[in-house]
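What follows draws every value from the coordinates through simple rules; no lab data is involved. Fair warning: this is a prediction, and the values are worked out from it, not measured in the lab. Counting neighbours? That spans all protein chains shown, and the Cβs are built from the backbone with ideal geometry, glycine included.
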């Protein structure tokens, strides 16, 4: 991985991120984030702006992610929804609605 490019991408995304964003989607909380870099600052800025963040977390990084996110994260077990990609997408999107303050629990 080219960490310089990752840092530039994070910086560019942070500059453009605003309260107008409906949702920030990141591929994963990976090794760089575990080590304290990567998208951590972007995630923090999104949360400061009250922009929800959807991020994949590999099992190997789950403990460090839980430490980073404290009590702010809600985990969604995708093993229950991945059999049908459209159903998975609908269930994930139903978790958060930009039209209301209430969030639907994904069971």
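Assorted remarks:
- Among 42, 17, the order by Cβ neighbours within 10 angstrom, fewest to most, reads 17, 42.
- Gain on full stretching of the segment that runs from residue 22 to residue 74 - 0.36 nm per residue minus C-alpha separation: 17.0 nm
- The modelled label-to-label distance between residue 54 and residue 31, using points 7 Å beyond Cα along the C-beta direction, is 2.7 nm.
- Segment 3-74: C-alpha gyration tensor shape, a/c 1.5 cut-off, then a/b vs b/c: oblate
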